[in-house]
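Colleague: Handing you this structure, nothing more for now.
The values are calculated or read from the model by the stated rules, or taken from the named source; none is laboratory data. This is a predicted model, so every value here is computed, not measured. Neighbour counts are summed over all protein chains in view; Cβ atoms, including those assigned to glycine, are modelled from backbone coordinates with ideal geometry. Surface areas here come from the heavy atoms of the whole protein model, side chains and all, with no ligands, DNA or RNA. Shrake-Rupley method; radii C 1.70, N 1.55, O 1.52, S 1.80 Å.
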Amino acid sequence: MGEQPIFTTRAHVFQIDPNTKKNWVPASKQAVTVSYFYDVTRNSYRIISVDGAKVIINSTITPNMTFTKTSQKFGQWADSRANTVFGLGFSSEQQLTKFAEKFQEVKEAARLARDKSQEKIETSSNHSQASSINGTDDEKASSAGPANTHLKSENNKLKIALTQRAAGWTVPTLPVTAWPPPCSAANVKKWEIELQTLRESNARLTTALQDSSASVEQWKRQFSLCHDENDRLRNKELTDLRKQSEIIPQLMSECEYVSEKLEAAERDNQNLEDKVRSLKTDMEESKYRQRHLKVELKSFLEVLDGKIDDLHNFRRGLSKLGADN
């Protein structure tokens, strides 16, 4: 059925600078689609991202990988097969959290798949080893060969002859070509020596098989130790790379935060400048109105003074007219 997408998000993709191992190099000019894929045939998981016709992430998830959040919107993981460190910048902390949770889930599934595969390999190996060392019953019978079968038959005949001699029976004389040969003391001694030789050979074979099994177990222990040491060194390297690469994403995040604050401050400053200009305009208009009102008030007062003087003169005229009458 091939690979199937199981989770998709969008993020800015970065890779660690292969020269400095410290600086981040953008792998995409803008946010691109980043997806988890599950391969049913291989029972494996991959993170894949494509920018146009260019594949910028093709990372197979292994149980030894670790996804680390280095800031509120940035996370990273190291891929030893690709010999690089991938970084993802998200537009929100929630997207980063979802991606990290999916990474842990896929990593655990990869671990279970690896353990199951190792169990099958070890079971098959142990079965093959047991078959090669002990052999099946049919193989044992065939490996014993005609010599062992013949030896057992002759041993049984020898025991019967010894029993008959002990009972006082007379063993008939056999032709030279007959088997077994006459049951003399020399022949009995010969068969005892051969039986002892077979026992010693069997003991040596058993010891050799035990030594071989011990060597196999020792090799398994050495392999396990080497595997653990390799994991330890790899984790140490990843930890060192993680520490070295933590500074840049944090600075990028802080820079974005400061840039947003600066833009907000510039907008506020522009609004204040607009308000100041508006207030200056209002003040100029107010001053102009005040000057105009002063002029009009002065003119009104002059007219009023004239009217008052005319009224006084009119009253004096009336008073004078009354006095004359």
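Colleague: Considering region 15-50 alone, what residues qualify as being part of a strand (DSSP E or B) and either among the acidic types (Asp, Glu) or touching a His at 6+ places or on another chain (Cβ under 9 Å) (or both)? First the steps, then the outcome.
Modeller: Within region 15-50, the first condition is being part of a strand (DSSP E or B), and the residues that meet it are 15-16, 24-26, 32-39, 44-50.
Matches in region 15-50: PRO26, VAL32, ASP39.
Colleague: Among the candidates SER286, SER245, which residue alone is among the small types (Gly, Ala, Ser) and touching a residue at least 24 places away in the same chain (Cβ under 8 Å)? Talk me through it step by step, then tell me what you get.
Modeller: Working: SER286 fails: touching a residue at least 24 places away in the same chain (Cβ under 8 Å).
Of the residues listed, the single one that is among the small types (Gly, Ala, Ser) and touching a residue at least 24 places away in the same chain (Cβ under 8 Å) is SER245.
Colleague: Now for a separate question. With the requirement that a residue be open to solvent by 70 Å² or more (accessible area, probe 1.4 Å) and at pLDDT below 90, what does region 1-17 give you?
Modeller: Within region 1-17, MET1, GLN4 meet the criteria.
Colleague: Tell me, which residue of region 1-20 that is under 19 Å from the mean Cα position of the chain (by Cα) and charged (D, E, K, R) is nearest to ALA78 (Cα to Cα)?
Modeller: ARG10
Colleague: Applying the selection to region 30-50, what residues are open to solvent by 30 Å² or more (accessible area, probe 1.4 Å) and in contact with an Asp or Glu (Cβ under 8 Å, 6 or more places away or on another chain)?
Modeller: Listed by number, the residues that qualify are PHE37, TYR38, VAL40, TYR45, ARG46.
Colleague: If you don't mind, there's one more thing I want to ask. Scan region 29-38 and tell me whether some residue there is among the hydroxyl-bearing types (Ser, Thr, Tyr) and closer than 25 Å to GLN244 by Cβ. First the steps, then the outcome.
Modeller: Going through region 29-38, the residues among the hydroxyl-bearing types (Ser, Thr, Tyr) turn out to be 33, 35-36, 38.
Now restrict to residues that are closer than 25 Å to GLN244 by Cβ: none.
Scanning region 29-38, I find no residue that is among the hydroxyl-bearing types (Ser, Thr, Tyr) and closer than 25 Å to GLN244 by Cβ, so the answer is no.
Colleague: Further question: Give region 51-86 a look and list any residue that's open to solvent by 70 Å² or more (accessible area, probe 1.4 Å) and assigned to a strand (DSSP E or B), or say none.
Modeller: Of everything in region 51-86, those that are open to solvent by 70 Å² or more (accessible area, probe 1.4 Å) and assigned to a strand (DSSP E or B) turn out to be LYS54, VAL55, ASN58, LYS69.
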